[in-house]
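> Pasting a structure here, questions to come.
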Amino acid sequence: MTMLLILVPVTLLLVGFAAWAFFWAADGGQFDDLDSPALAPLLDDQPARRDPPA
Amino acid sequence: MNTGRVPCFHCGEPAPANGSERAFCCGGCEAATAWIEGAGLAGYYRARTAPALVPEPAADAAFSGWDEPAFVAAHCSDRASLRATTLVVEGIRCAACAWLIERALLGVPGVARVSVNAATSRLALEFDPRSAPLSRLVALLARLGYRIHCPARDDARAAAGERRASLKRLAIAGLGAMQAMMLSEALYFGAGELDLATRDFFRWITFLVATPVVFYAGWPFLVGAVRQLRLRAPGMDLLVAVSVLLAWAASVVETLRGGEAVYYDAAVMFIFFLLAARHLETEARRRATAALDVLARAQPELALRLDAAGREETVAVSAVSPGDRLRVRAGSAVPVDGVLQDAAAELDESFITGESRAVAHAPGELLLAGSIALGGPLELRASRAARESTIARLAELAARAQAERPRAARIADRVAGVFVVAMLVVAAIVGLTWWWIEPARALSVTLAVLAATCPCALALAVPAAIAAAQAAFARQGALVLDPDAIESLARADTIVFDKTGTLTTGRLQLGALEAFGASRGEALAEAAALERGMHHPLATLFRPFDDGREASAVHVFAGQGIEGRIGGMLRRIGTRTFATGEPRDDEGIWLGDGRRALARFDCADAPRPGAAEALAALRDSGMVLEMLSGDSPARVAALASELGVHAWRARCLPAAKLEHVQRLRSDGHRVVMVGDGVNDAAVLAGADVAIALADGAALAQASASVVLAGRDLGRLPALIETARSARRVMRQNLGWAIAYNGFALPLAAFGFVAPWVAALGMAASSLVVTLNALRLAHPAKQRSVEGRPEAPGRLAGASA
C-alpha cells in the first residue's frame, strides 16, 4: 500500500501537467481552427515567388 | 447544361469547351490559374473541395482605400516597422483556400506573418507597410477571387476567447471526472478491504481533483444559478448548481468526519457531461453564425464622400447621412443604400444572390450597400444611413433570429422552470421522508433524486435541434430571419408560388409586335419611358429601346399596368382592358391611351431551369402546390400543366393573392409562400412561412422569414426535408427527455439508484439529445434536384 503514496501523487502531477499543456495549447490558438491545418501536410511549402497577374 | 460548355477549370462556372483539358470562363480565371501555377501553388487545385469564386479584374488604384490613415487608425496596430491587422475574407470555400491565401501572401516581400482561419474566414496579417502596402495585398487576393472586408465589430476575438474558455473548462472537467471516477471505483469496490487510513487518503485525493471541476469547470452553472435566483426565474442552472454544491459539500463534511460515503464522483460527472452537451450546442450555433458574419461584413467601413466642390474625403461609413454624395471606386463595395447618379453602371450583387454576375443599373435606381461596383467608378446619393441600409437590417434580423429562442424552446424553458421548483420540493419531501425512515441514506437518496430529475435534456432538446437546423440551412444557402420559420416550414402542407420571377426566370423575351397607329420604334420608346425605374421583369424588356424621353405623372396600378404622360399625352401600358378599355382580355401587353390601342407586345417567359424537378420533388413529399399570378389565364394554365401545379389562379391582384392565402390558412392549411419579394411583399407577410428568392431589389422590402440565396428552386425540397427532420428530432428529444425523467424519478426516490448512477444517466441523456440534434447539421451528402453538386451561395461560403 505504500506504493500508493508514491503512485497517486505521480498521477496527480501527470494530470496537472496534462491540464497545463491543454491550457497552453488552447491559449496558443491550437483549437481555433480545426479545418484548414489538416490540409497543410498535403500541400507544398514554398511561398509563392512571382508577381501577381496584371 | 448546354453541350459545348464545360465547367471552368478555376471557378466551375460554365465555360466554352475548347478541346483541351482545361477551359476558362473568363480572362480573370485564366490569369488566376496561370499565376497560381506559376507561383508553384498548383497543389491548391488538387486539395480543394469546392470551386473558386470568379476573380474580378481591377486596377491597384481601386484598393488605395486600404492605405488611408482613417482605416489604419481604426483597424491596424503598428509595432516597430510592422503593421498588424485582422481582415475578413469572403470566398473561402474550403480549407485549400486558406492555404492558397497564406502561400500567396507570404510570397510578397515585406509580409511577415499570415494566418488564415477557414472556419471564421479571418485573415490575420503582419506586414511592412512601406514595402508591402495593404492595398497591394488586397489587390492580389482580389485577382485570385477573394474579397476582403474589414471586421465591422471586433466580436471575433471575444468569440474565440469564449470558445477557448469553454474548451478549457471541458478539459478540466474531463480530466477531473476521469480521476475522480477511478478513485471512487476503488472506494466502492474495495470498501471492505481498504483500511480507514487508505480510504481517507483516497477521499482527500478525490477532493483535490473534484474541487477544481466544481468551481472552475462548473463556474458557468454557479453564475447562472445566482442570476436565476436574482431574477426569481428558476431554471436548469439552479438545479445543477444545487445538486453539485450539495454533493460536494456533503462529501467534504463526510471526508472530514470520516462518514459513510462520499459523492464527489456524482458531482464531477454531472458537470462534465453537461458541459460536453453545452459545448456541442454552442458549436452548432457558431457554425450557423459564421455564414451570417460574411453578410454582416459585406458593408464597407469607409466611404468616399464628395463635398460641394467635388473633392473626395474618406469618412467612416457611420458618418454618412442620407443626402450625401458618395463615390464608389471600381472594385469596392457600395457603403450605404443610395440612388445611382449620372451614368448607368454595372454592379455585382453576389453578396446576397450568390451569383457572381454583373447587374446593370440605370441612373435613378436604388443600389444596395454591399454591391460591388464593376467597370468604372460611380456616384450615388445616399438614401439611408449605414445602420438602416438593407444589408445591415438583414444581418441584424438574421442575427436576432438566431439569438431569439423559437416558440417551442420558450415553452420548454417555461416547463423546465416550473419543473425545477417542483423537483426541489419533491427532493426535499423525499429527503425528509427518508430521514424519518432511514436517516443514514437520506442524503444519498436526495442527491440521486436531484441528479436524476434535472430537466437538462428537456432544456437542451429544442435549442440544440434549432441551432443544428439553422446551421444546415446556412449550408444550403438559406438565411433564416424568423426563429419560428423552421417549425412552421416543417408543418406546412401547401406551397403557393408566385409565377413571374419565381417559377419562371423573369427574363422575358419580346416576341411579335403589332403597332396600330404608331410606328414600332415610337411604341417601344413610349413603353420604355413608362417602364423606366420599375423593378418588374417586364421593365427590363423595354430598357434597350429607351431613348431618354420623359414620362411624367407615372402611376403604377398593381396587377394592371402603368399610367403616365408622355409629351402631354396620356399613355397606359399593361393588360388590354387597362390600356385600351377593351373588356375582352388576352395575354398580350398593350400600349394605349386608355381608350384606343396603340401597340400590342407579345412576350414569353421561360420556366426557371430545375423548376419542374423541384416541384416534382415537392409533390412527392406530399405538398399541395398552387400558383398565383397576375398574368393571363392562358399563359398561367400552360405553365401550370407543364410544371404539374395542382391549382392556379390568374389575373390576381396582390390583394386577391393575399386573400387567397388567408382563405387557405383559415381552411386549416399551413401555407408556405414563395416569391421574389418585389410585388408580393404583402402576400409574403400573410403566409405562415415566407420564402424570398434573394435578389437585390427584393431585399429592400423583404418581409420574408427565409431568404434563399441564388434563386435556386432546387434547394427548396431539401430545405423542407431539413425542417421536417428538425421537427422529428425535436419530438424525439422531448419524448426521450420526458420519458427519462418520468422513469428515473420513482427509481431514485425509492432508493434504487446510487447518486453517481443518477448523475451519469441524466448527463448521458443530455448528451444523447444533443448528439441526436447534431445529426441535422451534417446531412448525408445531398445533391440538389437539378442534379448538380451542392453549390451553396455566398451566404454559405463561410461555413463550407
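The values are calculated or read from the model by the stated rules, or taken from the named source; none is laboratory data. On a predicted model such as this, the values are computed, not experimentally measured, just so you know. No Cβ is skipped: glycine too gets one built from the backbone with ideal geometry, and neighbour counts run over all protein chains shown.
> Restricting attention to segment B:100-111, which residues are touching a Lys or Arg at 6+ places or on another chain (Cβ under 9 Å), assigned to a helix (DSSP H, G or I) and free of Cβ contacts under 8 Å to residues at least 60 places away in the same chain?
B:Leu106
> Out of all the residues in segment B:19-38, which are surrounded by fewer than 20 Cβ atoms within 10 Å (Cβ to Cβ) and within 7 Å of another protein chain (Cβ to nearest Cβ)?
B:Ala31, B:Ala34, B:Gly38
> Let me ask you something else. Can you name the condition, by its number, that B:Glu721 falls short on among (1) assigned to a helix (DSSP H, G or I); (2) under 19 Å from the mean Cα position of the chain (by Cα); (3) at pLDDT below 80?
(3)
> Can I ask one more? Any idea which of (1) farther than 26 Å from B:Glu438 by Cβ; (2) away from chain A (no Cβ under 14 Å) is the one B:Phe201 doesn't satisfy?
The single condition B:Phe201 does not satisfy is (2).
> Would you check if there is a residue in segment B:510-527 being part of a loop (DSSP other than H, G, I, E, B), at pLDDT below 75 and more than 26 Å from B:Lys657 (Cβ to Cβ)?
yes
> Answer yes if at least one residue in segment B:592-604 is under 15 Å from B:Ala638 (Cβ atoms), crowded, with 20+ Cβ neighbours inside 10 Å and in contact (Cβ under 8 Å) with a residue 24 or more places away in the chain, and no otherwise.
Within segment B:592-604 (the criterion being under 15 Å from B:Ala638 (Cβ atoms), crowded, with 20+ Cβ neighbours inside 10 Å and in contact (Cβ under 8 Å) with a residue 24 or more places away in the chain), the answer is no, since none of the residues qualifies.
> Then there's this: Which of the residues spanning segment B:541-564 are closer than 20 Å to B:Ala362 by Cβ, crowded, with 16+ Cβ neighbours inside 10 Å and out of contact with any helix residue (DSSP H, G or I) (no Cβ under 7 Å at 6 or more places or on another chain)?
Once the filter is applied, which keeps residues that are closer than 20 Å to B:Ala362 by Cβ, crowded, with 16+ Cβ neighbours inside 10 Å and out of contact with any helix residue (DSSP H, G or I) (no Cβ under 7 Å at 6 or more places or on another chain), segment B:541-564 yields only B:Leu541.
> Moving on. Filtering segment B:112-135 down to residues that are at the interface with chain A (Cβ under 8 Å from one of its Cβ atoms) and either more than 27 Å from the chain's Cα centre (by Cα) or assigned to a loop (DSSP other than H, G, I, E, B) (or both), which residue is modelled with the lowest pLDDT?
Among them, the one singled out is B:Ala119.
> What strands (runs of 3 or more DSSP E), lying completely within segment B:579-638, carry at least 3 residues that are outside the structural domain of B:Phe497 (by TED's automatic domain parsing)?
B:589-592, B:597-604
> Filtering segment B:204-236 down to residues that are of a type outside the set (A, V, I, L, M) and within 14 Å of another protein chain (Cβ to nearest Cβ), which residue is surrounded by the most Cβ atoms within 10 Å (Cβ to Cβ)?
Filtering first and then ranking leaves B:Thr206.
> While we're here: Can you say whether B:Gly28 is under 25 Å from B:Arg5 (Cα atoms), at pLDDT below 75 and in a helix (DSSP H, G or I), as far as the supplied structure shows?
Yes.
> Another question about this same structure. Quick check, is B:Phe201 closer than 14 Å to B:Val262 by Cα, out of contact with any Asp or Glu (no Cβ under 8 Å at 6 or more places or on another chain) and among the hydrophobic types (A, V, I, L, M, F, W, C)?
Taking the combined requirement at face value, the residue satisfies it.
> Shifting gears a bit: With the structure loaded, tell me whether B:Glu281 is within 21 Å of B:Gly174 (Cα to Cα), of a type in the set (D, E, K, R) and either modelled with pLDDT under 85 or assigned to a loop (DSSP other than H, G, I, E, B) (or both) or whether it fails that test.
Taking the combined requirement at face value, the residue satisfies it.
> Further, regarding this structure: Condition first: within 50 Å of the chain's Cα centre (by Cα) and either at pLDDT 90 or above or within 9 Å of chain A (Cβ to nearest Cβ) (or both). Now tell me which residues in segment B:174-198 satisfy that.
Within segment B:174-198, B:Gly174, B:Leu175, B:Gly176, B:Met178, B:Gln179, B:Met182, B:Leu183 qualify.
> Search segment B:239-249 for residues being touching a residue at least 24 places away in the same chain (Cβ under 8 Å) and surrounded by fewer than 22 Cβ atoms within 10 Å (Cβ to Cβ), and hand back the single one that is nearest to B:Val214 (Cα to Cα).
Restricting to residues being touching a residue at least 24 places away in the same chain (Cβ under 8 Å) and surrounded by fewer than 22 Cβ atoms within 10 Å (Cβ to Cβ), the top hit is B:Leu245.
> Considering only residues that are touching a Leu at 6+ places or on another chain (Cβ under 9 Å) and at pLDDT 80 or above, look in segment B:487-503 and name the one that is surrounded by the fewest Cβ atoms within 10 Å (Cβ to Cβ).
Selected residue: B:Thr494.
> Output the number of residues of segment B:685-698 satisfying the condition of being buried (at least 24 other Cβ atoms within 10 Å of the Cβ) and modelled with pLDDT under 75.
3
> Okay, moving on. Quick test for you: out of B:Arg93, B:Arg164, B:Arg83, pick the one residue that is at pLDDT 80 or above and not in a helix (DSSP H, G or I).
B:Arg83
> On the basis of being more than 7 Å from chain B (Cβ to nearest Cβ) and at pLDDT 65 or above, does A:Ala21 make the cut?
yes
> Same structure again: Could you check how many residues of segment B:322-332 are small (Gly, Ala, Ser) and crowded, with 22+ Cβ neighbours inside 10 Å?
Summing the residues that are small (Gly, Ala, Ser) and crowded, with 22+ Cβ neighbours inside 10 Å in segment B:322-332 gives 2.
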